[in-house]
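Encoded as structure tokens, the structure appears first; notes follow it.
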Amino acid sequence: MSIQRRDFLKAALGGSLAAAASARPGLAASQGRDLPPEALGILYDSNLCIGCQACMTACKQANDMPVEFSGQQTTWDNPLDLSAKTLNIIKMYDGGDTPAFVKRQCLHCLEPGCVSACPVSALEKDPKTGIVTYDKKACIGCRYCQVACPYNVPKFEWDNPFPQIRKCELCNHLLAEERYAACCEACPTGASLFGPVKELRQEAERRLNMEPGQYHEFPVNHISTGKTQTHKAEAYVPKIYGADELGGTQVMLLSGVDFNKLGLPEVRDKSYVSDLEGLSSKLYSYMLLPAAVFGGLLYVAKRHGDHE
Amino acid sequence: MSEARPLGGRVFTIPFAFGVLVILIALFYLFKRFTLGLGPVTGMNDGYPWGLWIAYDVNVGTAFACGGYAMAILIYVFNKGEFSPLLKPAILTSMFGYILGGVSVFIDIGRYWQMHNVFLPWHANIHSALLEVALCIAAYCLILLIEFSPVVLQHFHIKDLQKKLNRVLFIFVALGILLPTMHQSSLGSLMILAGSKLSPLWWTNLLPLLFLIAALLLGYAVVIFETSLSGIAYQNFEEIRLIKKLSNLVPWILIVFLILRFFSVALQGALGAMFAGDLAGNIFLLENILLIAALVFFFQAKNRDKHSRLIWAAFCLILGAGLYRFNAYITGYDPGNGWHYFPTFGEAMVTLGIVAIEVLGYLWIVKRFPVLALPRKKGAE
């Protein structure tokens, strides 16, 4: 927050040459794909998921979220997709012989569109853990984050006269209690694995190199605890979803089925955030250009101003 | 010769009463919106978080309201003082368009009671294009009020303040050109973040430039349209002469816009997508047919000296350029996963109510305040 305040003041002071001479504060774009120093994330492995949905129950309890009814019934929590009541969902893909599962939640982008979009810093990326957090006290409900999210993750409480935006915050509130994302705490097979993104990426690479049919040790719950289970490795699509997508994400997925079929969009590597911030850093660097234009306009308006 | 003076006549006419009725219906739906939430009143959803109120009222509405901006550029930057009789009515339209655009934002945003956070530096996200839009539009609303205030001061014969204001008015004129340049382009920048959800027929890094030119085009088109109609109605040949001159300039801006537009689509490798036969492709064709029709009408109006062609040109330009900006927000936007959006009756009524306030407010003010440049009354020399 303090860094941003300084950014703003500098920008507001605009034309000062002293400011222009000093280094430009880092934009998301210029940081590229560098991970935050203690980046935390999740590796979801569709091949290990049994579709038990224990993670969904744990998520609702940990985040105090209401049950969601679909259709006529009012007994069972049965959300159809992510919503303002459901921050994490397991969906089953009917792939013929064997079903495949997919876990949808906030991917915690390295260059998050929602954070760049938010005019009031309600959505922020934690500089240490990289978790994209939401502050309802700042939010004005403009919903630009929803437009800017390539994965349609942030959800809005449409039926509430005093609505909020809802999205997964990787159980940020549990970290202080020495706990971690409730979905990963609850996952019985290691399909949802929590940990430092660096280690999760190595783990994902390791799995992609496994020979299908062979038995391997798979870490469970949290990659750093050393707890493992033995599973037979199945064939993977040779790709880590989230390694390169729009600059990369901290929640990554592995799957035996095309990610496209699982509802994950095919996107390019370069983030749209870097497009936009590249542009605005050219046009609005320290407000120099607007200040110069304003100077010119003052001159012509004064000179040509006697038309009334 | 002409002079700015009140049009006179009755304010409360039958069309006026009809407008009031529309506003009352809009108020009913607004009551529902503020008591039940946005969902029960609008067609918006998590796939289409922005609907008519942002895409039309704010995005297209403020561009329609760029007449004041567009004329100010012509008059002050290019020193075409002869056009200044057209400035006051243009600024009045702009004032209504922008202030009601701001009102629409307040209606649309979910947590409106925290709207002031936009103005608090410790909340500011300077990387947000929307913050820039919000601050610039708010500031420009104030500028428009100040730019229009001489009319009110003149009406109430407050000469002292009028003189003082005249001395510093050039500062507000300069801001009145700078601010719309910034936020009208940024309204386009906003959709850069929509990325792959926006069809390549609209998505391009040139969005800010195209939006800015579209705003200029709409500004001139609205001035030509309004002035042509009022010029015919009140036999104001002086205004018609000015409009004809203005119409020599506009088609050239339109040509630049069309070249950039097709160049940007080609750059995305998406030229073929316009013939895909889907909604995006078809609406793209409609949008550009309207713009090309406007171009043809403009050139016909020049050659054959037909004034009616000019009205058609402006009309097609308003529809085409307005559609461009609307499509870039809604029709060209597809979040996938089967999401759909169509405005509800209540949502549309709120938009119509806002348009009604603009029209009624404009009529009331031109009838009571010295805004329109009208022919001098006989014997008033």
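The set of residues in region B:77-122 that are closer than 26 Å to residue A:137 by Cα, touching a residue at least 40 places away in the same chain (Cβ under 8 Å) and touching a Phe, Trp or Tyr at 6+ places or on another chain (Cβ under 9 Å) comprises B:104, B:105, B:107, B:108, B:110.
Given the structure, is residue A:137 more than 15 Å from the chain's Cα centre (by Cα), among the basic types (Lys, Arg) and surrounded by fewer than 23 Cβ atoms within 10 Å (Cβ to Cβ)? Yes, satisfied.
On the basis of being of a type in the set (Phe, Trp, Tyr) and under 18 Å from the mean Cα position of the chain (by Cα), does residue A:218 make the cut?
Answer is no for this residue.
Among the residues making up region A:264-276, those that are touching a Phe, Trp or Tyr at 6+ places or on another chain (Cβ under 8 Å) and more than 7 Å from every other protein chain (Cβ to nearest Cβ) are A:264, A:266.
Annotation note: of B:52, B:36, the sole residue that is within 8 Å of chain A (Cβ to nearest Cβ) and at pLDDT 90 or above is B:36. Being more than 18 Å from the chain's Cα centre (by Cα), within 14 Å of another protein chain (Cβ to nearest Cβ) and assigned to a helix (DSSP H, G or I) holds for only one residue in B:192, B:259, B:283, and it is B:192.
Among all residues of region A:56-79, there is none that is surrounded by 23 or more Cβ atoms within 10 Å (Cβ to Cβ), hydrophobic (A, V, I, L, M, F, W, C), touching a Cys at 6+ places or on another chain (Cβ under 8 Å) and in a loop (DSSP other than H, G, I, E, B). Checking the structure you have, find out if any residue of region A:32-42 is modelled with pLDDT under 90, in contact with a helix residue (DSSP H, G or I) (Cβ under 8 Å, 6 or more places away or on another chain) and farther than 27 Å from residue A:263 by Cβ. Yes; the residues of region A:32-42 include at least one that is modelled with pLDDT under 90, in contact with a helix residue (DSSP H, G or I) (Cβ under 8 Å, 6 or more places away or on another chain) and farther than 27 Å from residue A:263 by Cβ. So is residue A:258 of a type in the set (Asp, Glu) and facing chain B (nearest Cβ under 7 Å) or not? Considered against the rule, which asks whether it is of a type in the set (Asp, Glu) and facing chain B (nearest Cβ under 7 Å), residue A:258 comes out as no. The residues of region A:277-308 that are assigned to a helix (DSSP H, G or I) and at the interface with chain B (Cβ under 7 Å from one of its Cβ atoms), listed by number, are A:277, A:279, A:280, A:290, A:293, A:294, A:297, A:298, A:300, A:301, A:302.
Within region A:116-134, take every residue that is surrounded by fewer than 24 Cβ atoms within 10 Å (Cβ to Cβ) and touching an Asp or Glu at 6+ places or on another chain (Cβ under 7 Å) and give me the one that is farthest from residue A:63 (Cα to Cα). Step by step, filter region A:116-134, then rank; the result is A:128. Looking only at residues in region B:83-105 that are away from every other protein chain (no Cβ under 14 Å), more than 15 Å from residue B:152 (Cα to Cα) and of a type in the set (A, V, I, L, M), which one is surrounded by the fewest Cβ atoms within 10 Å (Cβ to Cβ)? Checking each candidate, the answer is B:103.
Pairs meeting the criteria (first residue in region A:120-132 and part of a strand (DSSP E or B), second residue among the polar types (S, T, N, Q) and surrounded by fewer than 19 Cβ atoms within 10 Å (Cβ to Cβ), beta carbons under 9 Å, at least 6 apart or on different chains) are A:123/A:133; A:124/A:4; A:124/A:133; A:125/A:133. Taken over region B:238-273, residues that are out of contact with any Ser or Thr (no Cβ under 6 Å at 6 or more places or on another chain), touching a residue at least 12 places away in the same chain (Cβ under 8 Å) and closer than 19 Å to residue B:297 by Cβ amount to 17. Among the strands (runs of 3 or more DSSP E) confined to region A:161-265, the ones with at least 2 residues that are surrounded by fewer than 20 Cβ atoms within 10 Å (Cβ to Cβ) and touching a residue at least 12 places away in the same chain (Cβ under 8 Å) are located at A:215-219, A:228-232.
When the residues of region A:173-206 are filtered to those that are touching a Phe, Trp or Tyr at 6+ places or on another chain (Cβ under 7 Å) and hydroxyl-bearing (Ser, Thr, Tyr), which remaining residue is nearest to residue A:133 (Cα to Cα)? Ranking the candidates gives A:180 first. Flag: residue B:207 does not match the condition of being surrounded by fewer than 24 Cβ atoms within 10 Å (Cβ to Cβ), within 14 Å of another protein chain (Cβ to nearest Cβ) and among the hydrophobic types (A, V, I, L, M, F, W, C).
The values are calculated or read from the model by the stated rules, or taken from the named source; none is laboratory data. From a predicted model like this one, the values you see are computed outputs, not experimental measurements. Every residue, glycine as well, gets a Cβ built from its backbone with ideal geometry; the counts of neighbours run over all protein chains shown.
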